[in-house]
Each structure stands twice: as structure tokens, then as C-alpha cells.
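The numbers here are math on the coordinates, done by the rules we state, and not lab data. Here the structure is a predicted model, which is why all the values come from computation and not from measurement. Here the Cβ positions follow ideal geometry from the backbone for every residue, glycine too, while neighbour counts run over all protein chains shown.
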Amino acid sequence: MPEEASAPGKPGKFWTIVWELRIAIALIIICFALSLATPYFMRERNLINVLRQVSVNGLLSIGMTFVILTGGIDLSVGSMLAFGGVVTASFVSNAFKDIPSINPFLAIFLGLAAGTLLGAINGVVISKVKVTPFIMTLGMLSIARGMTYIYSNGMPITDLDKTFLQVGQGYASFLPIPVAIFLVAFLIAWVVLYRTKFGRYVYAVGGNARSARISGINVGFIVFMVYVISGFLCALAGTLLTARTSAGLPQAGMSYELDAIAAVVIGGTSMTGGKGSLIGTLLGVLLIGFINNGLDLLSVSSYYQQVCKGMIIVGAVMLDYFQSDSDR
Amino acid sequence: MTATGTDQEIILRMVNVDKRFHGVHALKGVSIELRRGEVHAICGENGAGKSTLMKILMGVYAADSGDMQLNGHPVRFQSPRQALDAGIAIIEQELTPIPDMTVAENIFLGREPMTAGGLFVNYRSLNRMAQDVLARIKVRIEPTRKMKTLSVAEVQLVEIAKALSYDSDVLIMDEPTSAIGERETDVLFDIIRTLKTQGKGIFYISHRLKEIFRVADVVTILRDGEYIATKPTSGLDQDALVNLMISRKLEGQYVKENTPTDVPFLTVRNLRRRGKHEAVSLVLHRGEILGIYGLVGAGRSEFLESLFGVARPDGGEVLLEGKPVAHRTPYDSIRNGVAFVTEDRKNSGLALILSVKDNTTLTSIRKYHRGPFVNRRREMRDVLRAIDFFGIKTPSERQLVRNLSGGNQQKVVLGRWLLAQPSILLMDEPTRGIDVGAKREIYKFMSDFANEGNGVIMVSSELPEVIGMSDRILVFKDGRLNGEVSRAEASEELLMQIAT
């Protein structure tokens, strides 16, 4: 009978704080070690470069955090990224089919709308038809990828509008524009999650959907919305990636869902929903980014990088497991 | 057989056991002794430390300090396995059968007798051993039946047989009767008497005080983690025991000060849902507490769900002050001032992994909006108001709800609905599994709430509660309304008659 507090054995205040800050501490240690191992690491150019690289995974991970907090999963982020990127590219390219090049902002809007639509399809099927998120988004992973290839004839879309390329390559003051966009998106997401009732409902649905429903929350709508948010952010990431690489690549974003899920999980969000934080996700994104970058600088083969990343994911979850195991 | 146990040999001794969780001092130097042939009840409100003490004994938790001696030897168990091997078995409140295995397989899980080669399970001997254990407690269940074909009560008896099969000296029974009926309880008490004559010691935990007087020789009372007293049950009565369990003196268990009016408030006409309940009609008046009694499965909870919009009824209408209202979703009901305290707070009431604050304002948060944002100052003010109003015991509003005791969890549910400012309260088993003190506070809340011109519909399986709190009682049977009883004529016998 669980009548008494089943809190973990009290490890002392100091260790509690260390535990709370574990990802931040891990991040600091890694940065410190890398700056010792290679002097190039701490250079401003390299750090800015890392930020630019992580902004894509960062955007995907924000959406993934919303989805996982409700107890769902979105496996289709990489494909939605590609679809959004290719749609945007098609409207700013001078060399794509008969579609004329239009105002780049309108093009971006259309690309974002395309990704949002895919997210909305995920959301409707999951919340109304009650197909499990894993299956629906696994299907969408394939559907959206296929649609991307069909739309682009399987070819990269090149010869893009110069103004548009600024979105991926330009600077807002000292920050690369993709980084600035990621930071703004992060701030908005943080406010939505922690300062609006919608954010509270996201946690409530993941915490106990039945209780949330009886409390008058439209659970279906909340679930629908998190997939819409995910789809939108994927398309945004796809647009940034297109502008950065100067081409709409139909094969872009392959297996990006793994990095996004990894960042969320490393950030301490529970796969069963209701528990986790956006700050944690941000740290998870940075952690993965720095490790990738550091191993690149140390010229470690990308094969080893994959092994390393996998071990970090499992390690992070094992830590959580030991923590919650001492609850019992 | 009336062994008071005082001259018997001590099997188990726990001395000065101390245990702290995060911010909670769960056990404050508790000592207890168990003798051969003794049934030793442990009493206390929820959160008093009963379960923690037993979990330390079983090696589930480690004590921060204190000693344990088994048959005179100091012991300290690291796991339930070690405790079992040393001769301490527990019959847990929550049953954990493996549904697709047979009775015999469940009893001897992990200890199956093997054939000569040691490769295969010797089923013949397995079934015979199970037969023997079941016979020892005079239970007639075929060992080859699958667990999933058994009733809850039968599963409980199998669990008891399993605990006995370890031939333990010490048995812990944690709410063993919560899932079984009168007849099975009698069987269980016969078994306990047999075990006493075999010289076993039994720790018995139950909320049902009557049982304690029927079966226990001595009772140890805990309160807020503190040892209060150990007394022979022969020298106590129920009131004296309750007074030891709670710090304040209890004047009557029920608080009933509301005066019902005859102004109709909520009218239900022919509300029905196929397969769940037939057409039900009722009127709830302002100021009234309307009780609904019935056996488990009579359709009472299902009726409340139809009424609140959790499930869509097939027909019928609901009128609020004479005006028809459509409760298609819980949200509609809440907007019309209806609140629903569900039967199962862990499953449908609370999000256990969220904080007291987030659970409390889940329904009312839409009221705190300033533009698109939550006005957190107003939210916090209301949270503190709810915590204060119900006296919710929590280290802070940020504590996770799963770390609270059952009574405090239920108060969080009530706090949530209070902040939604309802005028009609639907309550399904509002005091299930919570302690006497918290029960009384909830009764007082119901009474005050009704007295302000609101209405309460209370579903309960506890006859004394229904009779003690209701102004009128509706009785459900087999999914339909089988009768109505006024407060004046209500008696346990009459209600049972209509319900069965």
C-alpha cells in the first residue's frame, strides 16, 4: 500500500543539486575536455559553427519535446523537414519545373504550411482515429519522404534566390540567422509551455490523460496541436537547411529523428510523458552538437561517433532508471 | 484458542527503527515485538508509517537506524527475497497474479519441482504440492485452473496460500480483506486461527477496525510515524482505538449539518447508456446530499459518467434549474458548474507525476489568463488557498502528488474542484482508502458545501457512510434504479434488501 511518501532516499542537498544540473555539468566537462584536447575548439568561429549546426536539430527537438511530453513520439520529423525544405526551394528556384520564382517570404510561408499540414495529418489520425503515434508517424516517415521525392523528381532543387539564401547563410548582428531563429523559436516555445494554459495541458495530458479529460481539458485538441507544432518546426528547420546548403535536397534529414529523440531523452524528458523540460532539451541538443563537433575536430571516424552517441543515449536513460529505481 | 501471547516466545523484534524520506520523517524510532501464536494488528491513519515499517521488515526499504532481531539473531534484509528465505512472508494488498498461469504455477513460481534430469517442471508433483497448501487452509480451488478464471476473492486466497507455502514463521497481511467479501473473510479468519495454533506470528494491517477486534490479540498504534502504544485488544473498544489513532478527539464520525430544501436543482430524465445502465430519472434539490447506494457493478459509477459527459449517453435529458443542458463532454459540465470527484484518484483523478500546484489548478487555470498568459500570482494565491482550506499536508506546493498520502491526494482532487467553483458536486466513493481524520474533514466539506445552496450526489459502497451523510438514498441494482429511501427510514438492512 503506497500510503507513505515513496520519495527516493535523501541523498543530501548537494547531491540533489548536482543531480538536477547533471546535463549542464556533463556539458561543461565535455567542453573543458575538448578545449584541452584541441585548441581550435574554443575559437569563436568554431563555437558559432556548432551553434549553426545544432539549430536544425534544435528546432526538431523543440517540437519533439512537446510531442513526447504528451506521451507520444514523432518519427516523421526528418521526412517532414525534407518536404518543407523542398517545397520552399521549389518556389525560390529559377530552375524548377514551371513553378515561377516568387517572393522568398511567400515561398517560406508555403514551405512552412506544407510541413504544418503533414503535422496536422499526423495529429488528426492520432487524436481522432486513435492510431498509436509510433505507427502513424512511422507511416508518415515513409509517406512524406516519398512525396518529397515525387515532388522533386528525386533531384536536388538548385539555383535558389539570393535573398533567400541569406536566411541560412547571413548574420543577424554577430549571430548566424539560423541560430537567431532557433533562439527565438526556443523562447516562444518556452513561453508557450510554461506561461500559457496550453503548456500546462500538455503536461497534464502526458501525466494522466483520463484525469485531464475529466478536468475539462480537450485532450484530443492538445494531442493534435503538438503534432502540428512539430510539423511546423520541421518545415522551418528544412527551410533553414535548404538556405544553408543552397539546395532543396530530397534526401535531407534522413534519420534526424534519432538525434531529436536523443536530445529530448538526454535532456531528461520521460518517454511516457508528463515529465521533462525544454531547458533539458536545449542542453541535450548542445551536448550532442559539441560531441559531434569535438569528435570531428579530433578526426574520429563518424562510425565511432555513432557508437559514442548511442552509448550516451542509453547511458542517460540508465541514469534516470537508477534514480527512479531508488524510489522504490 | 485465546492466546494473548504475553507468555509466548518472541519471534521478531524491531527496535528504534527510524526512517526519513526526502522531507518526511516517516518513522520516528518505532519499536515492536511479535510473539509466537500472536496476531498483532498495526493501526494508524494513512501516513502513520504502517506500510513503511512493514517494508523495512521485508527489506524493501533500508532503515536509517534501528535494529531487527529474528529468533534472537540480529538481521537486516537487503531484499524481500532474503526476508522470505529467513521466514518472513507478506500478503500484499495489491494482487499480482500472472493471469495465464495456473494456480499451482503461481504458488510455486520460481520454486517449481523438477523432473529427475532437472530439465522439466514436474507438473504432477507441482499440482500435488499446491493441492496440499490449499487444503491446509481449507480452500477448494483446482490447482490446474488458470488464474484469470478466478474471482478476485479466489485470487486473494491463492495469494494467501502462496505466502503460506514458504512455511514462514512470520506473516504480514496488508489489508487482506479489501478485495474479498464476508464469506471469504470468515474463511481467512479461520485460516488465521489455524496458523496461530501452529505457532506463527502474524502482523495484521487493516483499515477495518471491526476486523481487528475480531482477529487480533494485540494492537500497536502508530501516529505520524511515532509509536503510540501497544495494547491487548481485549482491553480496548473501537472508540478508544480511534482516539489513540487520531490526535484530536472524535465526536461522531459523520458531519451532517446541511438542511435540504425542496427547490429542484438538477433534474435527470431517463438518462440511459446501453450495456451500462438503464433509464435513470432523479431530482437533486438545492442544499441536498443525495446518496446512491448499490453493489459493485450495479451501474452507479457508469451513471455518474453519463451525467458528467465522460461517456456519451444513448438518450435522456438533463435539466439545470428547469433548463435543458447538454453535457457532451466534461468541459460542458464544468462550465455549467458541475464537478466530478472520480472513484479512482490514481487512475482518473490525479496526474501523480505532476506537482500539487499543477494538479490543483488543472481545471481552474483557464480562469487565470491575462491575455495569452497565465497570471501566476493569482494561480499561486488560489493554490495556497486550496491547500489551506483542506489542510493538505505537503512540504510545498511543488511536491509531486505521488509523494502524498491517500487522504491528502483526495484533498488535492477536492481542492481542484473547489477552485472551479462548482454548484453541483458528483462524488464517487469520496472517502475510499483514506483515514478517519481526513474522512471527517471531507464529510464536513460536503455538508458545508450543500448548506450553501449547492447540491451533492454521492455514490458509495459503504453503508454507514451512505446512511450517515445522505438526505435521500437511491439504490441501484443491475444497472437500474431499484428504489428510494428517505433519511428517516434508512437502515443497513433495508438498503441491502433493495440492492440485492
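Here are the numbers:
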item	result
Along principal axes, Cα extents of segment B:390-500, largest first, whole Å	47, 28, 25
Choice from A:310, A:248, A:63 showing the highest fluctuation, given a GNM over chain A with Cα pairs closer than 10 Å	A:310
Calculated FRET efficiency for the pair residue B:96/residue A:191, C-beta based, R₀ 45 Å, to 0.05	0.50
Equivalent ellipsoid, segment A:241-328 (semi-axes from 5 times Cα gyration tensor eigenvalues, Å)	28, 17, 11
Which of B:207, B:73 has the fewest Cβ neighbours within 10 Å, and the rest in rising order	B:73, B:207
Gaussian network model of chain A, Cα within-10 Å springs - most flexible of A:185, A:172, A:209	A:172
Where the Cα pairs of segment B:246-375 fall when distances are cut into 5 Å bins, in %	2, 8, 14, 17, 17, 16, 13, 8, 4, 1
Sequence of B:178, B:151, A:79, B:470 once ranked by neighbouring C-beta atoms within 10 Å, starting from the fewest	B:151, B:178, B:470, A:79
Rule-of-thumb Rg ratio for the protein assembly as shown [Cα; 2.2 N^0.38 Å; N residues]	1.11
Size of charge dipole - the protein assembly as shown - debye, nearest 20, with Cβ of Lys, Arg +1 and Asp, Glu -1, no other charges	1820
Relative contact order for segment B:264-499, counting Cα pairs under 8 Å that sit 6 or more residues apart, in percent	29
Mean residue ellipticity (222 nm) of chain A, computed from DSSP H runs ≥ 4 via -39,500 (n - 2.57), nearest 500	-23500 deg cm²/dmol
In Å, descending, principal axis extents of the Cα set of segment A:54-325	56, 47, 36
Kyte-Doolittle mean at least 0.5 and Cα axial length at least 20 Å: DSSP H helices in chain A	A:22-37, A:44-69, A:77-92, A:104-124, A:133-152, A:177-195, A:219-245, A:278-297
Alpha-carbon spread of segment A:179-254, three principal axes, descending order, Å	50, 24, 15
222 nm mean residue ellipticity, helices alone, for chain B (DSSP H n ≥ 4; -39,500 (n - 2.57); rounded to 500)	-9000 deg cm²/dmol
Relative contact order of segment A:43-130, defined on C-alpha pairs under 8 angstrom at six or more residues apart (%)	21
Pairwise centroid distance, computed over Cα atoms, of segment A:262-328 with segment A:68-102, Å	27
Positive minus negative residues near residue A:205 (Lys, Arg vs Asp, Glu; Cβ under 13 Å)	+4
Segment A:54-325 - percent relative contact order, Cα under 8 Å, separation 6 or more	35
Shielding by other protein chains, A:199-212, mean Cβ within 10 Å	6
Prolate/oblate/rounded call for chain B, Cα gyration tensor, a/c under 1.5 rounded	prolate
Over segment B:264-499: Kirkwood hydrodynamic radius from C-alpha pairwise inverse distances, Å	18.2
Order of A:308, A:31, A:234 under a 10 Å beta carbon neighbour criterion, fewest first	A:308, A:31, A:234
Residue B:116 paired with residue B:367, simple spin-label distance in nm, labels 7 Å along Cα-to-beta-carbon	7.9
Geometric extent, Cα atoms of segment A:176-309 - Rg, Dmax (angstrom)	17.1, 55
